[in-house]
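Chemist: I'd like to ask some things about the structure below.
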Amino acid sequence: MMITALDEKKMIKLEKEDSCMFRPNDSIKSKWDIIIIVCAIFNCLTIPLGVAFQPEFMKKDWFGVLNNIIDVVFGIDIIIAFRTGYIDDLGNLVNKPG
């Protein structure tokens, strides 16, 4: 099979479009999802505990810094979610923005 110059330009364009996108089944994305799950479980445990009992350790500076870091991680996750491809109904990977 011969690749024409037009086909080569299309492939280069596709590679450029995919450079900032994450594949949904990539190992890095899976590891990131595990981090998000751990952060969500942390929030599920600490928010009700803090509201109900207001323990002293939650008033310490390190705990506030940890909560802020987790908030930033969730913000980054929103950006990553918009930059992640998906599998369409036909089983094709759609890995382009917009």
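What follows is calculated from the coordinates using simple rules that are stated; it is not laboratory data. This one's a predicted model, so the numbers in the text were calculated from it and none came from an experiment.
Chemist: For ILE80 and CYS20 in one chain, what is 0.36 nm times their gap in residues minus the Cα-Cα distance, to one decimal in nm?
Modeler: Value of the extension gain: 20.6 nm.
Chemist: Could you give each residue of the range 64-75 its phi-based ³J(HN,Hα) in whole Hz, using Karplus coefficients 6.51, -1.76, 1.60 with θ = phi - 60°, and x for Gly or Pro?
Modeler: x, 5, 4, 5, 5, 4, 5, 4, 5, 4, 5, x
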